[in-house]
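Working notes for the structure below.
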Amino acid sequence: MDVEYLQRLSRLTNILPLISRSDLLSGEELAVLKANIISAFQTNSIKSFNFDQLFNNPTHPDAPYAISSMTSKDEETMDASLLMSPDYVQPLLESELPYLVSHIFERDVVS
């Protein structure tokens with residue numbers, strides 16, 4: 001059912017496949033899952049949006065994007081007054097979320 005909806009939607013809008021909670025997967029599991037999703041998209045003629053169309057940078061991550069919103073330990077900040085500040089934001093675990101957010105709101109992408 002999901003494949004059918006994605007096929008229909010991909011003709012009408014951009015599809016950005018995301019792997020949520022990627023922090024729960026090992027690097028190998030994540031690579032296998034990405035390969036499976038890419039294969040399923042190709043097999044079923046589902047087009048996902050590709051930032052390569054706009055940015056000629058082969059070093060950026062490819063879809064599907066592995067994202068996580070889980071916070072990490074902030075070992076660099078040890079100042080109690082800074083940690084207790086209402087403006088302090090605990091850093092997130094490393095994922096492809098910052099890349100995705102920074103590029104999705106680019107002027108050329110939004111248009």
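The values are calculated or read from the model by the stated rules, or taken from the named source; none is laboratory data. Note that this is a predicted model, so its numbers are computed, not measured. Counting neighbours? That spans all protein chains shown, and the Cβs are built from the backbone with ideal geometry, glycine included. Note: accessible area is taken over every heavy atom of the protein model, side chains too, but ligands, DNA and RNA are not part of it. Shrake-Rupley method; radii C 1.70, N 1.55, O 1.52, S 1.80 Å.
For the reader, a short list of remarks on this structure follows.
- If you go through region 1-19 and keep only what is surrounded by 13 or more Cβ atoms within 10 Å (Cβ to Cβ) and under 15 Å from the mean Cα position of the chain (by Cα), you end up with I15, L16, P17, L18, I19.
- Contact map, region 1-29: residues that are farther than 13 Å from I46 by Cα paired with residues that are open to solvent by 50 Å² or more (accessible area, probe 1.4 Å), Cβ distance under 7 Å, separation 6+ or inter-chain. Pairs shown: I19/L33; D23/M70; D23/L93; L25/L33.
- Subset tally (residues that are open to solvent by 80 Å² or more (accessible area, probe 1.4 Å) and under 28 Å from E106 (Cα atoms)) for region 40-50: 3
- Of all residues in region 21-39, one or more are modelled with pLDDT of 90 or more, basic (K, R) and open to solvent by less than 60 Å² (accessible area, probe 1.4 Å).
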